[in-house]
Amino acid sequence: MPAIDQDPAIRALAQTWPGRALLVAVFAALLALLGSNALVVLPAAACAYAGRYRWQVIPAATLLLLCLAGFFVDTELMARVASQEGIAGVDQRWLAAGMIVAVITACTGLLKAYGHLVKLTPFRWPALFLSAGFVGLMLLAETPIAAGMPRLLLWSFLATLLPYLWFLAYALNEAAATSPPAVGLQLGVFHPFWGSTLTPFGKSVSYLRKFEARNAEELAVTQLKALKLLVWIVLLLACLSALKTVVHTNLGVPEFDQAFLNFLAGASYSRVLCYASLLDNFAEDVLSISIWGGIIVACARLAGFRLLRNTYRPLQATTLIEFWNRYYFYYKELLVDHFFYPTFLRYFRTHRKLRMFFATFAAACLGNLLFHFIRDIRLVAEMGLSKALAGEASHAFYTLLLATGLGLSQLRTRTARTQQGWLRGRALPCAGVILFFCALHVFDAPLDREHSILQRGQFFLYLLGVNT
Amino acid sequence: MSNDVRSRMRGYIRQRLDMKGDTNPLRDDDLLFSSGRLDSLDAIEIVMTVEIDHGINFADINFDLTRLDSIDAIADLIERHAVSV
């Protein structure tokens, strides 16, 4: 990519109003080309050029976009529980509105009180306390005594809180500091207007402040980097589209899910095609996450925040831990910030290797599992608790393998790649990393909750040439 | 002590940057984590090194990555909290 952010003439142009207008217009056009909401450039530009009012623009823009998106409340889940409980006549919109107020009130109260609560042992680990509270409320909702209206209210509260849970965890970490940001500001970056998933892209106010452009020159560079990233994403989208056409249409390689379903139905594709589908799935997955994660980061950069890339050269990773770090940066950060560090700082302090392995395990296995169980909490309401837990078995096995792999990767002593040559130092380790994550995917395909660990194990053995 | 600490940390961080293929110059006030040159996994290695070499318990001093964000910051943290080991 041309280094437009390093060209003095372009940098100077990007600091003039005509240059800014051109930059924002090109950015909007690229977003539209990507099929993304181009209107996000309006709050992003307002935030970027608002100067000292930037931190007033962010909560206002976020609130506006949240209102338009219905605060990401899972109203289908609320309707389903109301139907299951035989509760008619409850206006879903009013229920959702009431729950939004309840969640905002609860978050505000918790953030204000956290400076005192953090002195009490159960509150010292915000992610654990929040996860336990969330799962506890879900269990309460599933008890017989909660039948009827209490169950509907509890599930509605959970459905409304869920999109903000990990933002709240970051905010609580900040709230324990000696001079935490204002609560309104903290709430203003819960699902910021530049986009996020359940995983916060940009973490929290303090983190964003570290990455904020401090002057016109920095802002111009940050925005030019945003533009460069978006052009790169357009190229990646073209690659993804070409890959799909060549692999599926021209070569007749099935989607991975289809290969798996055919195996279960007793009409397996050849092993070669199954391997090809697995490799293709890996490539499509890496391209997809680079695209949607990159769009979010580019929008944040347009708004004036030099956020690090979400996916950065994952195929160059020569170790499992390096791939994990490069593949989905903000999710990895979430697990590291909320599960790795707290474990690492507390346990096995005198056993270097055990300490590292245990903390890695706490993040990649337990934290990972907990995150996904909470993300898919609606399945508990849909399938019942026991079936939802049973359906998690394959994913639990996946996280176990992942954590073991990452833990061992962490413990290995690394030597400089240059000492080993290209083949041993680069090509073979990269291939090994890709094969590991391809194999792992067999246990974590999108059909996650529908098929047992046994069925996935049988397919895995089939790939290895063992017929069961 | 400060110069010695800085020199050792500089060498250690230089080594980690080299392993990542980052051969850019390293100054004591360069941001390490905010700039993306090092990541949270590198932070763990630095934490362990500081704990072992200087007897600092990060659980006691309210761990925050910003306190390790430059060689200057690390040296400052060590000067404030180091105990005899």
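The values are calculated or read from the model by the stated rules, or taken from the named source; none is laboratory data. Remember, predicted model here, so these are calculated numbers, not experimental data. Every residue, glycine among them, receives a Cβ derived from its backbone with ideal geometry; neighbour counts consider all protein chains shown.
Screening A:K353 against (1) closer than 24 Å to A:A317 by Cα; (2) more than 11 Å from chain B (Cβ to nearest Cβ) leaves a single unmet condition, (2). If you go through segment B:31-49 and keep only what is of a type in the set (S, T, N, Q) and either assigned to a loop (DSSP other than H, G, I, E, B) or within 9 Å of chain A (Cβ to nearest Cβ) (or both), you end up with B:S34, B:S35, B:S40. In segment A:61-154, counting only helices (runs of 4 or more DSSP H) that sit wholly within it, the ones holding 1 or more residues that are within 25 Å of A:Y170 (Cα to Cα) and of a type in the set (A, V, I, L, M) span A:92-117, A:126-142. If you filter segment A:399-430 down to residues that are of a type in the set (K, R) and modelled with pLDDT of 80 or more, you find that the one that is farthest from A:N325 (Cα to Cα) is A:R424. Here segment A:319-346 is the region considered, the condition is being modelled with pLDDT under 90 and closer than 19 Å to A:T121 by Cα, and the residue that is nearest to the other protein chains (Cβ to nearest Cβ) is A:L345.
Among the residues of segment A:128-147, is there at least one that is polar (S, T, N, Q) and in contact with a helix residue (DSSP H, G or I) (Cβ under 8 Å, 6 or more places away or on another chain)? Yes - at least one qualifying residue is present in segment A:128-147.
Rundown of residues vs (1) surrounded by 17 or more Cβ atoms within 10 Å (Cβ to Cβ); (2) in a helix (DSSP H, G or I); (3) touching a helix residue (DSSP H, G or I) at 6+ places or on another chain (Cβ under 7 Å), yes/no style:
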{"site": "A:G202", "(1), (2), (3)": "yes, no, yes"}
{"site": "A:Y207", "(1), (2), (3)": "yes, yes, no"}
{"site": "A:L236", "(1), (2), (3)": "yes, yes, yes"}
{"site": "A:V247", "(1), (2), (3)": "yes, yes, yes"}
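Only one entry in A:P180, A:P163 is crowded, with 20+ Cβ neighbours inside 10 Å and either touching a strand residue (DSSP E or B) at 6+ places or on another chain (Cβ under 7 Å) or at pLDDT 95 or above (or both), namely A:P163. Does segment A:59-77 include one or more residues that are of a type in the set (A, V, I, L, M, F, W, C), within 28 Å of A:G293 (Cβ to Cβ), in contact with a Gly (Cβ under 6 Å, 6 or more places away or on another chain) and surrounded by 13 or more Cβ atoms within 10 Å (Cβ to Cβ)? No; the residues of segment A:59-77 include none that is of a type in the set (A, V, I, L, M, F, W, C), within 28 Å of A:G293 (Cβ to Cβ), in contact with a Gly (Cβ under 6 Å, 6 or more places away or on another chain) and surrounded by 13 or more Cβ atoms within 10 Å (Cβ to Cβ). Checked against (1) within 12 Å of chain A (Cβ to nearest Cβ); (2) charged (D, E, K, R); (3) surrounded by fewer than 18 Cβ atoms within 10 Å (Cβ to Cβ), B:D53 passes all but condition (1). Restricting A:W94, A:W55, A:W17 to residues that are farther than 30 Å from A:L153 by Cβ, without any contact (Cβ under 8 Å) to a residue 12 or more places away in the chain and among the aromatic types (F, W, Y) narrows the list to A:W17.
Condition check for A:A9 on (1) part of a helix (DSSP H, G or I); (2) among the small types (G, A, S); (3) within 21 Å of A:V297 (Cα to Cα): one failure, at (3). Annotation: of all residues in segment B:73-82 being touching a residue at least 60 places away in the same chain (Cβ under 8 Å) and buried (at least 16 other Cβ atoms within 10 Å of the Cβ), the one that is farthest from the other protein chains (Cβ to nearest Cβ) is B:A75.
Condition check ((1) under 23 Å from the mean Cα position of the chain (by Cα); (2) in a helix (DSSP H, G or I); (3) touching a residue at least 60 places away in the same chain (Cβ under 8 Å)) across all residues:
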position: A:Y341; (1), (2), (3): yes, yes, no
position: A:F344; (1), (2), (3): yes, yes, no
position: A:F348; (1), (2), (3): no, no, no
position: A:A363; (1), (2), (3): yes, yes, no
position: A:L369; (1), (2), (3): yes, yes, no
position: A:F373; (1), (2), (3): yes, yes, yes
position: A:A388; (1), (2), (3): yes, yes, yes
